[in-house]
Each structure stands twice: as C-alpha cells, then as structure tokens.
Amino acid sequence: MIVGIKNLTKTYTMGDVSVKALRGINLSVDEGEFVAIMGASGSGKSTLMNIIGCLDRPTGGTYTLLSHNAGILNRKELASIRNSHIGFVFQSFNLIPRTTALENVELPVHYRHGIPSVKARKLARESLERVGLGERIHHVPNQLSGGQQQRVAIARALVNDPAILLADEPTGALDSHTSVEVMALFQELNAQGKTVIVVTHEPDIARYTKRIIRMRDGTIISDQKVDTPRSALKDLAVLKQEII
Amino acid sequence: MRVTRLLATAMKSILRNRMRSLLTMLGIIIGVASVIDMVAVGKGAQVQIEDQISAMGSNMVMIWPGAASSRGRQMGAGSRQTLKLDDAEKLQRECPLVTAASAISRTSGQVISSSGNWQTTVYGVSPSYLTIREWELQSGVSFTERDIRASAKKAILGKAVSEELFGDQDPIGAKIRIRNVPFTVIGLLKSKGNSSAGQNQDDIILAPVTTVMNRLSGSRWVNQIVVSVTDMNLMDEAQNQIESVLRQSHRIPLHEENDFRIMNQTEMMDRATQMTGVMTLLLGAIAGVSLVVGGIGIMNIMLVSVTERTREIGIRMAIGARGSDILMQFLVESVVLSVMGGVIGIAVAWSLAWAADSFLGLRTEIVPSTIALAFIFSAAVGVFFGFYPARKASMLDPIDALRYE
C-alpha cells in the first residue's frame, strides 16, 4: 500500500464561516495502480489531491504515504517528501518560464541534497528521453507546444523516481488529440510499474485508467475497478487514420 | 541547493531584468563610490597638508609671542610683543639641542624695480633661516652674519616677486626699492608653489632681520622665532630647553605663565591630522547614508520580484524546495546584486579618483581599508535588506502560491 487514508477530513475556516471540503474519506492505493479521481468542481477532489501530494495537511483522520504519517509532518519534512516521493503534473504545466526544458527537469534533483550537477543533468536527460523528448531540451517553455510542455512537466515529475505520479487535470489545457497522447504516456509509465493518480472531471480521460473514484460534496460516492481500460495507443492510431 | 547553483540562478534572474538590476545596483554603486571617494578626498587633503608641514623644514620648533590680556580679556595669539632678536641668539647659544635659530620680523610694503612694482611681504631673517626651512637658492648667494651686523641692504627674492619685478630677466645684482629704501638683489629662491592655505609661497622677499627692523618696520620686537633641533626624537627635551631659556631671558616668575607659545612640527601635524580626520569621517558618514538608501532600493526591488515570482515559488515548493531553499535563492540574489554594485562602485570610485587627480589636480588618496569596508558593507546591505523579502517568499503557502495569477 502506497497511500492509506482513514477518516480524512479537511475544514477551511474563513472568518466565521467554515467549509467542510472533505468529510471522512477512506481510501487506499496500492503500488502500480492507475487511479482517476472524478467529480465536479467543489466536490473536494482538489483538496484531496493537495493532501495526497503533501501540499496541505488534513484537519482530521490519518494519511499514510509509504511509511510516513504525512498528516503530522512539518513544512520542511513535507517539502522533502514532495521532492522524493511525489511527482506533480499540473493542468497549466507550471514550468518555470525563461528556463530551458532541461533545467526545468533538473530542478527537483537540485533540491535533493548532495547530487552533483553532472548527475542531475544526466538524470534529467534520461527522464526527458523517457517521455519522448530527446531533442528540443534546450528550448524554453514558450517555444514548446502544449503537449511538449506537458511532457516536460511529466519528465520533471519523474526525475526523482517518485512513488506516485500525481496529475491534476493534466489534459485540461490540451486539445483532444494531445490529451490522448498524454494519457498514452501515463498508460505506458503505469505499465512500467509507476503508480499514477489523475484528478479529472472528464469521463473520456478517466476511461483510460484502471480504477475510477467518484466524489461529491467531500465524500467518495463510488469506487470502481475498470476491467478493460481503453488503450490510448489504439485510439491514437484510429485518430491518425481519420486525419489521413 | 549548492552554492554554485544558487549563484547561477541568481545571475540568471538578474540578467533577465537587466535595466531593473542596473538601476537597483546604481544605488549601491553610488553609495560605495561616494564612500571610497569621499574618504579618498579627505585622506588626500591630509596627505597634502602633512607633506606641506614636513616641507616647512626639518625638526622645526616655532615660537610666537603669547597672548596679551587686559582685565582678564585674552587678546589672542601674537597680540603681545615679547620676543626679541636677542632671544634667537640666546637659544642658539644656550640650548645644546638647538642647531640653528632665526628670528623673523615681518613687514609688508611696495617694492619697486626699474621695470615694475609689486606689493609683497618682506621677511627679516638670519642666514640660518634658509637651512631651517630647507629652502634653496636657484641662483645668487645668501646673506651672512656680517650683513646682519651691518644691517646690509641686501635682498633675496621669491620667484613670483622676481617675475613681477623683472619678468624673465635675471634679477641678481639689480637694484630695488622696498618702501623707498634701496636694496641690492643678491639671490633668487627656488619655486615652492602654493601652501595648504592657498598662499603663494614664492611671493616673498627675504632680507637681513636687522635691516628690516631698523630700516623698514622700526620695531624692537620680532614676530616669530624658528628653531631647528638636532633630532626629531629629542623634540620634547629641546622644547623644555627652549622654554627654560626664554623664561629666564624674559624673567618670568616661577608660577606665572609663559609669555610665548611653542609649537613643533609634530604637533602641527597632529592637529592637521585630527582636523582632516574629522572631515574624512564626516564625508564618509554622509556617503554611508547613500549606501543605506541604496539598500532600501534593493529591498524594494526584491519585494517586487518576490510578488512577481509568486507562482514560480509555488512551483519550486511543489517539486520539493524547502522554505530555506527559497530563502537562500532570494537572499543570494540580493547579495549578488549588491556585491556586483559594490564591485562596480569600487571601479567607479577608482576611475573618478584618478580623473580628479589627473584632470582637476585634486589630491585623492584611496584608502585600501575603505575599499574592503565598502565591499563588506555592500554585501551586508544585500543580506540585511534582502532578508525580509526572502523570508516573505519562503513563508508562502505552496497552494496559494501555485494559484497566484
């Protein structure tokens, strides 16, 4: 078990008003799973993802990531967990502007202490090759297409070999063809053994995963295994034929 | 993050906003350059004054008449007339440490030659005066003890006086009239230029002290006595000897104050150093204020930079940057900014001092310790004024920072 969540609650207090974003979540994710967390906006899926990603701390309940009790760690400890065990992929790519793809991918290695620059560069190159971006690594984000930027972001998420790849609406800013490409990449990485959690509100995206969790009003309303997920690669081949 | 990486990140960010970085640095550049140059000007003045004091002669002791007082009102230095020609001779005779002594009787008057006229100061001195002041003759001869005894009407001209009276011609042997008294020019002094007070030291005529007292001023008193002492280290002892000889000569009772004042070159030097030291400190302090203002400029820009890069900070935190990593990133950036400003400031200070020296003739003396101090201070300004913005950046909440537009 990689992620173990028990009776997790999160309450935001703004002045006199308190909002219960999560009301008792129970969830466990094993190694090698490919999970989609679905729900409308306000369902609490982003809050859940922030807690799983160690960006935020729960108000109640427990969250265990690998062997760490992540619910009680301080800022510094959370930062080092994010660095070594979590790989974030965002909707808006969130690459650092005016910084080359290679340097963006190197960055998490630099925040891991005591890694020489040469090694960081090597790891970054390998990671970029893994997502199919061998060339164009010296381009800055605004010289790259959306799909390429998202690949750089995925390479950056992978570079420290994290336990979980955590993607928040990874296809939200991409056209449908590129979205399928990105999902194909996630499927490929999952096939290699990487645990992937995708937060999305699009059923089309969720059907490429192996398990779909639906949320509403801060609770999980359904948790289904998908027996035969769609193959993004096959869809891509079909799309290609349609264009021809 | 490693130091090299932090430096590279900082440089990149600084180079990305070249104009802004340069303007920010300008505050530090001006601050550092003005501290160094202000101190250099102060130090230059000090060195110049010291040079001039030591150029006045070697191991020199000066004696002036004391201040007169009437009903408790002090009249100021030189207001009394207590020094006599005899005193100078006595000092030379009776003080073993005194090698030479010369009375000075000053007067001013119109000087007329065959081709011009000029108003100047006439110094009545004894032949040893030239030795005491270490003045040299460009041509001609000096007067002798015999001329003193005979009140000979012989004169030595300063360069400026000679030019006014005779132009380019050689004045030796020519006749001049000082206040209508005829004199023969026997010597010409080497040029010495201006003194620290801006006085032209070549605008002078030397004549035997007796001649000046008897034929020009008609005074029984001398204005000053200058004495040269065998050894710089025996200055205090020599001064004691001089004091006791003069007290005896002036018949001053045991508990009464001296009716004369003594000062030696070392004391003059000390006073000058003290004065210019205060000036240097003041100039440096005023310039230091501009360095602080420059620091505030850095803080301002760093705060803007943190706000602008809030999202970037969020990204960095999401991929594992700790608060301390973010703190260091911004702190290093502000220190690099201020140290670069410091280095450029040092270069600017150097070239300005050089330019002032060679084009304006303003003596400047760059003090190496101020360079080190200004450099360290500029780095400290970077740390001090960079800390608050950097701390602010490091305290950001990653989720809020990521959402920031």
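None of the figures in this text is laboratory data; all of them are computed from the coordinates on show. Quick caveat: nothing in here was measured; it's all calculated off a predicted structure. Please note: Cβ atoms are built from the backbone with ideal geometry, for glycine as well, and neighbour counts cover all protein chains shown.
Taking 37 °C and 0.692 mPa s as conditions, the stretch A:8-60 diffuses translationally at an estimated 270 µm²/s according to Stokes-Einstein applied to its Kirkwood radius (Cα pairs). Near the amide H of B:Gln201, within less than 5 Å, lie the amide hydrogens of B:Gly193, B:Asn194, B:Ser195, all on another chain or at least 5 residues away, with H placed in the peptide plane.
What the Cβ-Cβ distance of A:Asp30 and A:His139 gives, at R0 = 56 Å and to the nearest 0.05, is a FRET efficiency of 0.90. With θ taken as phi - 60° and the Karplus curve 6.51 cos²θ - 1.76 cosθ + 1.60 applied, the whole-hertz 3J(HN,Hα) list for the stretch B:304-316 is 4, 5, 5, 4, 4, 9, 3, 5, 4, 4, x, 4, 4 Hz, x standing for glycine and proline. Sequentially through the stretch A:76-86, phi angles give Karplus couplings (6.51, -1.76, 1.60; θ = phi - 60°) of 5, 5, 4, 4, 6, 5, 4, 5, 9, 10, 10 Hz, Gly and Pro residues having no value and appearing as x.
Evaluate E = 1/(1 + (r/R0)^6) for A:Glu202 and B:Leu23, where r is the Cβ-Cβ distance and R0 equals 51 Å; express this FRET efficiency to the nearest 0.05. Result of the calculation: an efficiency of 0.60.
Fully extending the segment from B:Met232 to B:Val383, taken as 0.36 nm per residue of separation minus the present Cα-Cα distance, adds 49.4 nm.
Largest GNM mean-square fluctuation across A:Leu27, A:Leu166, A:Leu128, computed for chain A with C-alpha springs under 10 Å, falls on A:Leu27.
Between A:Ile115 and B:Leu352, what FRET efficiency follows from the Cβ-Cβ distance if R0 is 56 Å, with the result rounded to 0.05?
Calculated transfer efficiency: 0.75.
Determine the dipole magnitude for chain A: charges of +1 sit on the beta-carbon of Lys and Arg, -1 on that of Asp and Glu, nothing else is charged, the reference point is the Cα centre, and the result goes in debye to the nearest 20. Present the calculation step by step, with values, prior to reporting the outcome.
Values: 29 positive and 24 negative charges, 104 e Å.
Charge dipole, chain A, about its Cα centre: 500 debye, nearest 20.
For the stretch A:165-244, the extents of the C-alpha atoms along the principal axes are 45, 26, 21 Å, listed from largest to smallest. In the stretch B:90-237, Rg over Rh equals 0.98, where Rg is the alpha-carbon radius of gyration and Rh the Kirkwood radius from pairwise Cα distances.
Distant-in-sequence amide contacts of A:Glu33, defined by a placed amide H-H separation under 5 Å and a gap of 5 or more residues or a different chain, comprise A:Val196. Each of A:Ser222 and B:Arg220 was given a label point 7 Å from its Cα along the Cα-to-Cβ line. The distance between the two points is 13.2 nm.
Every Cα-Cα pair in chain A was counted, and those over 31 Å apart are 23% of them. Here the Karplus relation 6.51 cos²θ - 1.76 cosθ + 1.60, evaluated at θ = phi - 60°, turns the backbone of the stretch A:117-126 into coupling constants of 4, 5, 5, 4, 4, 5, 4, 5, 4, 4 Hz, with x for every Gly and Pro.
Around the amide H of A:Cys54, modelled in the peptide plane, lies no amide H under 5 Å away from a residue 5 or more places distant or on another chain. For A:His201, the shell of other residues with beta-carbons less than 14 Å away shows a net charge of 0, using +1 for Lys and Arg and -1 for Asp and Glu. Think of the stretch B:197-317 as having a plus end and a minus end, set by charges on the Cβ of Lys, Arg, Asp and Glu; of B:Thr211, B:Gly288, B:Thr230, B:Gly288 sits farthest toward the positive end of this dipole.
All distinct Cα pairs of chain B go into the 1/r average, and the inverse of that average, the Kirkwood radius, is 26.3 Å. By the beta-carbon count within 10 Å of each Cβ, the least crowded to most crowded order of A:Lys122, B:Lys153, fewest first, is A:Lys122, B:Lys153.
How much length is gained if the chain between B:Ala55 and B:Val293 is pulled fully straight, taking 0.36 nm per residue apart and subtracting their Cα-Cα distance, in nm to one decimal? Separation in residues times 0.36 nm, less the Cα-Cα distance, equals 81.5 nm.
Think of each Lys and Arg Cβ as +1 and each Asp and Glu Cβ as -1; about the Cα centre, that makes the dipole of chain B roughly 720 debye.
Could you compute the net charge surrounding B:Glu365? Neighbours are other residues with a C-beta less than 10 Å from the C-beta of B:Glu365; K and R count +1, D and E count -1.
Once all neighbours under 10 Å are counted, the net charge is +1.
What pairs in A:Lys119/B:Lys12; A:Lys194/B:Lys392; A:Lys122/B:Lys392 have C-alpha atoms more than 29 Å from each other? Where the Cα-Cα span goes over 29 Å, the pairs concerned are A:Lys194/B:Lys392; A:Lys122/B:Lys392.
By other beta-carbon atoms within 10 Å, ranking B:Met302, B:Met232, B:Met317, B:Met62 with the fewest at the front produces B:Met232, B:Met62, B:Met302, B:Met317. Taking the C-alpha atoms only, the angle from helix B:3-16 to the longest principal axis of chain B is near 90 degrees.
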